[in-house]
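Worksheet for the structure shown next.
The values are calculated or read from the model by the stated rules, or taken from the named source; none is laboratory data. Just so it is clear, the model here is predicted, and its values are computed rather than measured. Note that we place each Cβ from the backbone using ideal geometry, even for glycine, and neighbour counts take in every protein chain shown. Side chains are part of the model used for accessible areas, which takes the heavy atoms of the whole protein and leaves out ligands, DNA and RNA. Shrake-Rupley method; radii C 1.70, N 1.55, O 1.52, S 1.80 Å.
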Amino acid sequence: MAFSRKEMGISYKQQILQGIPKHSAESQNSYNNNRMKHMSGNGLEAIQLSKSYTVDSRRISVLNDVSLVVEAGGFVVIEGKSGSGKSTLLSILSGLDRTDSGTIKLAGTDISNLSEDALAPFRNRTIGYVFQSFHLVPSLTAIENITFPAELNRDPEAVSKAEELLHRVGL
């Protein structure tokens, strides 16, 4: 990731689940910068994302020129203190919130300026998201909660994809 962790108060861990070893935090920046130049377009690429909010008359900068690359099959942990911008970053990366500036490419598609009408079905087909407060259907099992959006989209591989996702996270 190419951002000032000191400024944001966020640290991260990234591991590609397809045999590429975990990189140290020091080498991760150069690794991600290199990958940005050669990315195949199948993962997630965020370029110079900035986001601020106005509270009363005060402008509060939450993200400042955040850049990162996550290859398809990648696994990233974002951790930091309360208020450091983690939820904002995730909401922006998933298209649930908009940036003030920057570009987000997901699975080869620039989602930065998609209308909500175009973004909603794209999110449904492309993004899996577990919200901070979960928003799970309590009467459903874990696999049923995961397959629910895919089944609404009539995905015949919903169950096998959900099983693979659960396996990847050790459940």
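Miscellaneous remarks
- A 1.4 Å probe run over the protein chains yields, for region 38-171, 63 Å² of accessible area per residue, whole-number rounding.
- Pair D65, S139: separation of 7 Å Cα→Cβ label points (nm): 5.2
- Region 88-127 and region 135-152 have Cα centres lying 22 Å from one another.
- Pairs from the table (K105/K161; K51/K86; K81/K105) lying more than 20 angstrom apart at Cα are K105/K161; K81/K105.
- Diffusion coefficient, µm² s⁻¹, Stokes-Einstein with Kirkwood Rh over alpha-carbon pairs of region 57-153 at 4 °C and 1.567 mPa s: 84
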